[in-house]
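Enquirer: Pasting a structure below so you can have a look.
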Amino acid sequence: MNIAYLISAHTDAPQLKRLVEALHPDAHFFIHIDKKSDITPFTSLLQGDNIHFLTNRVNVRWGTIVEVEYQMALIKEAIDYPVTFDRIFFLSGLDYPLWSPERITTWLKAQRQKEILSGIRMDTDAINPQQHDLYSLSRPFFHLGLIGNKGNERLSILGRKMKQRLGIRKPLSFQVDGETWHLYKGSAWWCITEGLATYIYNMYKTKPAIRRYFKDSFGPAETLIQTIAFNSPEWAPKCRLHEGEYPGLASLTPLHYIIYEPVIKVMDDSDYVTLVTSGRMFTRKVVSGKSDRLVQILKKRK
């Protein structure tokens, strides 16, 4: 089975090395390092014919369309590579597998053509008002070179507040080539076939209406890919649709065990039993100096 791991990272090069070494040795790893971070610690620790660091790096700003830019850059690297991948994962550099590569392969083969991509439609009466408000708030994104990240952030916040006071809201559906598309929300971590990855990338690049809608959306890294997939008659039946009330981001993250509240928890050895009985393939987040003993125990278990 040919597997590609797309990984976004900005810190903790030793942890990224542990992650890569714990996964399939014959997989290909396509890695984006935030442009604000020094890439040298990462490239000095990770080398090989199957390690591919993106050279066109993005200055990441959380919750903005910039996150989609590196998602699409990583997808393009994988689908353009002269290997047809059976599965393409998207991970964070602070993830760590709870399963061995052999168990991952066995499980993937059993999924056949199912897409491990979860989503929930956001424009239904079942979604609570707080979630409606969060995703209907227009969030202008500025990236003017002369004023730097902090200046752009202040300008973006000002633009958001002005639109909020004026009562300007984004609809949770929009038009693409005359058809109504609904907004879907999921997680930035998933596992899909190369066929779906290619479809997502091509739709993003060739349909300006998609880019226009998401350029001022909240958290498009967790909505744009899901929206493309779930509005496709071909691909939606192969994905994992959640219905009813919004279940929380942890439930929409299909392969990871994550504790989000009140903040994303750093896992340690006290979480071992919970993690290995969770049924999930990965956990996050795992941090050097805080999660070392947990990683050692997980290695021995495999």
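Enquirer: Could you order Val295, Val83, Val263 by accessible surface area, starting with the largest, using a probe radius of 1.4 Å? Don't skip to the end; give the middle numbers.
Expert: Working: Val295 5, Val83 40, Val263 100 Å².
In descending accessible area the options line up as Val263, Val83, Val295.
Enquirer: Follow-up question, since we're still on this one. Pick the calculated Cα Rg over 2.2 N^0.38 Å for this structure from (1) 1.00; (2) 1.10; (3) 0.94?
Expert: Given (1) 1.00; (2) 1.10; (3) 0.94, the calculated one carries the label (1).
Enquirer: Here is a follow-up. At a 1.4 Å probe radius, carbon and sulfur cover how many percent of the accessible area of the range 1-86?
Expert: Working: 1850 of 3780 Å².
Answer for the range 1-86 is 49 percent, counting heavy atoms of protein chains only.
Enquirer: May I pose another question? Of Glu21, Glu179, Glu102, which is the most mobile in a GNM of the chain whose springs link Cα atoms less than 10 angstrom apart?
Expert: Glu179
Enquirer: Could you go through the range 228-234 in sequence order and give the Karplus-derived ³J(HN,Hα) for each residue, using 6.51 cos²θ - 1.76 cosθ + 1.60 with θ = phi - 60°, rounded to whole Hz, and x for Gly and Pro?
Expert: Going residue by residue, I get 5, 5, 7, 8, 9, x, 6 Hz, with x marking Gly and Pro.
Enquirer: Then there is this: With every protein chain kept in place and ligands, DNA and RNA left out, what is the accessible area per residue of the chain? Probe 1.4 Å, answer in Å². Provide the component values of the computation, followed by the final result.
Expert: Numbers: 14360 Å² over 302 residues.
That works out to 48 Å² per residue.
Enquirer: Sticking with this structure for a sec: Quick one: angle between helix 292-301 and the longest Cα principal axis of the chain, in degrees between 0 and 90, rounded to 10, please.
Expert: Once rounded, one gets 60 degrees.
Enquirer: Against the longest alpha carbon principal axis of the chain, how many degrees, from 0 to 90 and to the nearest 10, is the axis of helix 13-22 turned?
Expert: For 13-22 against the chain, the angle is about 70 degrees.
Enquirer: Any idea how far apart Arg103 and Glu243 come out in nm if each label point goes 7 Å out from Cα toward Cβ?
Expert: Going by the 7 Å Cα→Cβ label model, 3.2 nm.
Enquirer: Still on this structure: List the residues whose amide H sits under 5 Å from the amide H of Leu98, counting only those 5 or more places along or on another chain, with H placed 1.01 Å from N in the peptide plane.
Expert: Phe282, Thr283
Enquirer: Counting other Cβ atoms within 10 Å of each Cβ, which trypsin sites (Lys or Arg not before Pro) in the range 19-79 have at most 13 and sit in a DSSP loop?
Expert: Hits after loop and neighbour filter: Lys36.
Enquirer: Enter the angle in degrees (range 0 to 90, nearest 10) between the Cα long axis of helix 65-80 and the first principal axis of the Cα atoms of the chain, meaning the one along which they spread out most.
Expert: 50 degrees
Enquirer: Which of the residue pairs Lys35/Lys290; Lys170/Lys285; Lys185/Lys265; Lys185/Lys290 have a Cα-Cα distance greater than 27 Å in the structure shown?
Expert: Values: Lys35/Lys290 25 Å; Lys170/Lys285 32 Å; Lys185/Lys265 22 Å; Lys185/Lys290 31 Å.
Going by Cα-Cα distance, Lys170/Lys285; Lys185/Lys290 fall outside the 27 Å limit.
Enquirer: Given springs between every Cα pair under 10 Å in a Gaussian network model of the chain, which of Asp177, Asp269, Asp38 has the largest fluctuation?
Expert: Comparing Asp177, Asp269, Asp38 in the GNM, the peak value goes to Asp177.
Enquirer: Taking only DSSP H segments of four or more residues, each worth -39500 (n - 2.57), what value at 222 nm results for the chain once the sum is divided by all its residues, to the nearest 500 deg cm²/dmol?
Expert: Computed ellipticity for the chain at 222 nm equals -11000 deg cm²/dmol.
Enquirer: Under 10 Å, Cα contacts only: if you run a Gaussian network model on the chain, which one of Ser217, Ser118, Ser173 comes out with the highest mean-square fluctuation?
Expert: Highest fluctuation among the options: Ser173.
Enquirer: Which ³J(HN,Hα) values, rounded to whole Hz and listed in residue order, are derived for the range 265-281 from phi using the Karplus coefficients 6.51, -1.76 and 1.60 in 6.51 cos²θ - 1.76 cosθ + 1.60 with θ = phi - 60°, glycine and proline given as x?
Expert: Values per residue, Gly and Pro as x: 7, 7, 7, 9, 5, 5, 9, 4, 4, 4, 5, 6, 9, 6, x, 8, 7 Hz.
Enquirer: If you roll a 1.4 Å probe over the range 214-274 with all protein chains in place, what percent of the accessible area is carbon or sulfur?
Expert: The value for the range 214-274 is 54 percent carbon and sulfur by accessible area.
The values are calculated or read from the model by the stated rules, or taken from the named source; none is laboratory data. Bear in mind the structure is a predicted one, so any value in this text is a computation, not a measurement. Ideal geometry is used to build each Cβ from the backbone, glycine not excepted, and the neighbour counts take in all protein chains shown. Note: accessible area is taken over every heavy atom of the protein model, side chains too, but ligands, DNA and RNA are not part of it. Shrake-Rupley method; radii C 1.70, N 1.55, O 1.52, S 1.80 Å.
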